[in-house]
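Asks: Here you go, one structure.
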Amino acid sequence: MSEDPSHSQDHSQDHSQDFVTLKDERSGKSTRLPVLYGSQGSPVLDIATLHAEFGYYTFDPGYGATGSCASAITFINGSEGVLMHRGYDISELAEQSDYLEVCYLLLNADLPNKTQKDEFFQTIRNHTMLHDQMQYFFRGFRRDAHPMAIMVAVVGALSAFYHDSLDIQDEEQRKLASIRMVAKMPTIAAQVYKYAIGQPFVSPRNDLGYVENFLNMTFSVPAEAYHADPAVVRALEQIFILHADHEQNASTSTVRLAGSSGANPFACIAAGISSLWGPAHGGANEAVLNMLEDMEETSRIPEFLARAKDKDDPFRLMGFGHRVYKNYDPRAAVLRKCLESVLISKGVEREPLFERARALEKAALEDAYFVERKLFPNVDFYSGILLRAMGFPTSMFTVLFALARTVGWVAQWREMVEDPSSRIGRPRQLYRGRTKRPFVPLEQRKS
Ligand code: ACO
């Protein structure tokens with residue numbers, strides 16, 4: 001074994017004989033646990049026999065040290081700021097690829113050739129419309145409902161409309177469900193927005209590209225023509241690519257856990273959307289904007305940093321820190337460049353929120369508290385400012401994240417369903433509640 005397993009990268013050698021010997025000091029009993037190696041990244045200890053051998057479960061709240069599955073989709077090296085999909089670096093994909101090509105890559109393990117790419121685009125285009133009756137779902141919501149509340153319900157409701165893609169044992173139905181979700185999410189997201197602002201729904205246009213079509217459904221109105229700004233189209237394409245998948249994060253793990261019981265794919269993705277909604281996950285970019293607005297001016301940065309460092313204050317620097325990245329999040333670097341190009345294209349010379357964000361980043365990265373804890377800007381630090389510059393209201397930010405992440409959820413769900421060793425996810429617990437006691441009739445209970 002290498003001296004520092006966390007930095008082991010290439011595991012091409014044969015390590016099949018590697019074990020870690022574990023000794024229980026209480027009983028004096030020892031066992032050998034196999035060390036498993038992926039193609040790169042930290043090795044993992046196979047503890048499947050631990051309970052049978054020793055009677056112990058493991059305790060790891062938040063799963064900080066637990067691998068929940070084997071996966072071949074996405075690799076992250078958090079200490080070096082590396083993110084790769086199927087072996088391709090995220091910044092190369094963001095610079096040189098397009099979102100649908102990345103979708104193909106995530107779902108099919110390789111980049112498409114020209115014919116495969118054309119066929120895939122065509123298949124997606126065939127499924128962009130929603131069943132007409134789905135409009136009644138939208139109409140049942142209050143106009144001031146949070147867009148995520150509507151999205152989670154509408155995506156779950158897809159299972160009530162597309163009965164021919166619910167059988168998870170049928171490979172063709174799994175593929176059809178995946179295509180439907182990637183194709184319909186922009187339509188759902190745009191309709192959520194139109195419903196909130198009281199404008200008529202705009203139908204998908206299959207002569208447009210995936211991103212341009214989404215912008216058209218979101219921002220066009222029947223009364224006048226809409227032409228998307230190419231800089232905005234390219235920036236949104238990059239945002240979608242950067243959010244397409246991110247290994248076993250909270251929402252992806254939620255999708256896998258929901259799917260492990262055999263639930264249908266639409267229900268599983270709705271579960272993932274619910275998890276994404278929280279401010280510690282996909283809701284963080286909205287929180288970043290609120291924080292920068294509350295700040296009002298850069299002179300207040302020391303005050304915000306002091307609050308973030310104060311353990312008695314629940315305030316955290318939003319858009320900073322990450323469970324996995326202990327280095328600059330590679331997605332944040334691309335988004336910062338993207339933001340600069342959108343501001344230039346829109347002729348915006350001064351964007352006060354961007355100025356505050358850059359000054360805050362600089363101050364935090366020079367502050368011992370953030371340096372020692374390896375807290376860097378994450379994907380959400382610049383994405384909110386960028387989405388707002390593109391014309392999206394804050395309440396739509398997490399909806400856009402869900403739209404882009406759907407392909408990752410679907411790819412991970414399919415990988416799990418197609419893995420013969422998968423079984424229902426069922427964690428254990430450390431029980432700290434009351435032990436057995438007799439039932440107390442109502443009249444004898446203390447008031
Ligand atoms: N501001 C101030 N201190 C922070 C921050 C922050 N943003 N993030 C972490 N810390 C501190 C913690 O208080 C802790 O300090 P301690 O060691 O003195 O106790 C230390 O850094 C380690 O942090 P953890 O809480 O262990 O980090 P964890 O992995 O549990 O949380 C998380 C990661 C939730 C992202 C956290 O950094 C955070 O709350 N950030 C702000 C919210 C945010 O930006 N979320 C988006 C994440 S990206 C995404 O989901 C798409």
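Asks: Considering only Ala244, Ala411, Ala231, give the residue with the highest GNM mean-square fluctuation for the chain, with springs between Cα atoms whenever their separation is below 10 Å.
Replies: Fluctuation is largest for Ala231.
Asks: Moving to a separate point now. Taking the highest mean first, how do the peptides 210-217, 42-49 order by number of other beta carbon atoms within 10 angstrom per residue?
Replies: The peptides rank, most packed first, as 210-217, 42-49.
Asks: Dividing the alpha-carbon radius of gyration of region 311-378 by 2.2 N^0.38 Å (N being the number of residues), what value is obtained?
Replies: Here the Cα radius of gyration is 1.25 times the empirical estimate.
Asks: Still on this structure: Between Asp110 and Ala363, what is the label-to-label distance in nm when each label sits 7 Å out along the Cα-to-Cβ direction?
Replies: Taking the simple label geometry, Asp110 and Ala363 are separated by 5.2 nm.
Asks: When 1/r is averaged over all different Cα pairs and the result inverted, which Kirkwood radius in Å belongs to the chain?
Replies: Result for the chain, one decimal place: 24.0 Å.
Asks: Another question, if that's okay. From the C-alpha gyration tensor of region 41-131, pull out the three semi-axes of the equivalent ellipsoid (sqrt of 5λ each), sorted largest to smallest, in whole Å.
Replies: They are 37, 18, 12 Å, listed from largest to smallest.
Asks: Expressed as a rounded percentage, what relative contact order does region 214-332 have, with Cα pairs under 8 Å and six or more residues apart?
Replies: Relative contact order, region 214-332: 14 percent.
Asks: Something else about it: Express in nm, to one decimal, how much length is gained between Glu418 and Lys326 on full extension, taking 0.36 nm for each residue of separation and deducting their alpha carbon distance.
Replies: Going from the current span to full extension adds 29.9 nm.
Asks: Continuing with this model, one more query. With 10 angstrom as the radius, rank Val35, Val379 by how many other C-beta atoms surround their C-beta, starting from the fewest.
Replies: Val35, Val379
Asks: List the relative contact order of the chain as a percent without decimals, with contacts defined as Cα pairs under 8 Å and 6+ residues apart.
Replies: The value is 18 percent.
Asks: Okay, moving on. What ranking of Ser30, Ser97, Ser341, Ser178 emerges when the number of other C-beta atoms within 10 Å of each C-beta is taken as an exposure proxy, fewest first?
Replies: In increasing order of surrounding Cβ atoms, one gets Ser30, Ser341, Ser97, Ser178.
Asks: Turning to a different aspect of this structure: Compute the Kirkwood hydrodynamic radius of region 231-310, taking the inverse of the mean of 1/r over all pairs of distinct Cα atoms, and give it in Å to one decimal.
Replies: 15.3 Å
Asks: Hey, what angle do you get for helix 230-242 against the long axis of the chain, alpha-carbon based, 0 to 90 degrees rounded to 10?
Replies: 10 degrees
Asks: Ok, one more. What nm distance separates the two modelled labels at Ser30 and Ile344, each placed 7 Å from Cα along Cα→Cβ?
Replies: According to this spin-label approximation, the distance is 6.4 nm.
Asks: Could you work out the pair-distance distribution P(r) of region 337-447 from its alpha-carbon pairs, with 5 angstrom bin width and percents rounded to whole numbers?
Replies: 2, 8, 11, 11, 10, 10, 10, 8, 8, 7, 7, 5, 2, 2, 1
Asks: Moving to a separate point now. What are the ³J(HN,Hα) values, in whole Hz, obtained from phi via the Karplus relation 6.51 cos²θ - 1.76 cosθ + 1.60 with θ = phi - 60°, for each residue of region 161-166 in sequence order, with x given for Gly and Pro?
Replies: 10, 10, 5, 8, 9, 9
Asks: How far is it, in nm, from the label point at Lys309 to the one at Ala149 when both lie 7 Å from their Cα along the line to the Cβ?
Replies: Using points 7 Å along Cα→Cβ, the separation is 4.0 nm.
Asks: Could you work out [θ]222 nm for the chain from helices alone, using -39500 (n - 2.57) per DSSP H run of at least four and dividing by all its residues? Round to the nearest 500 deg cm²/dmol.
Replies: Mean residue ellipticity at 222 nm (helix-derived): -14500 deg cm²/dmol.
Asks: Let me ask you something else. Sequence gap at least 6, Cα distance under 8 Å: using those rules, report the relative contact order of region 333-397 to the nearest whole percent.
Replies: Once normalised by length, the contact order is 45 percent.
Asks: State the volume of the convex hull built on the alpha-carbon positions of region 27-75, expressed per residue in Å³ and rounded to an integer.
Replies: 98 Å³
Asks: Show the residues, 5+ positions off or on another chain, whose built amide H is closer than 5 Å to the amide H of Asp89.
Replies: Hits under the 5 Å cutoff: none.
Readers should treat all values here as calculations from the given coordinates under stated rules, not as data from a laboratory. A quick note: this is a predicted structure, and the numbers were derived from the prediction, not measured. We place every Cβ from the backbone using ideal geometry, glycine too, and count neighbours over all the protein chains shown.
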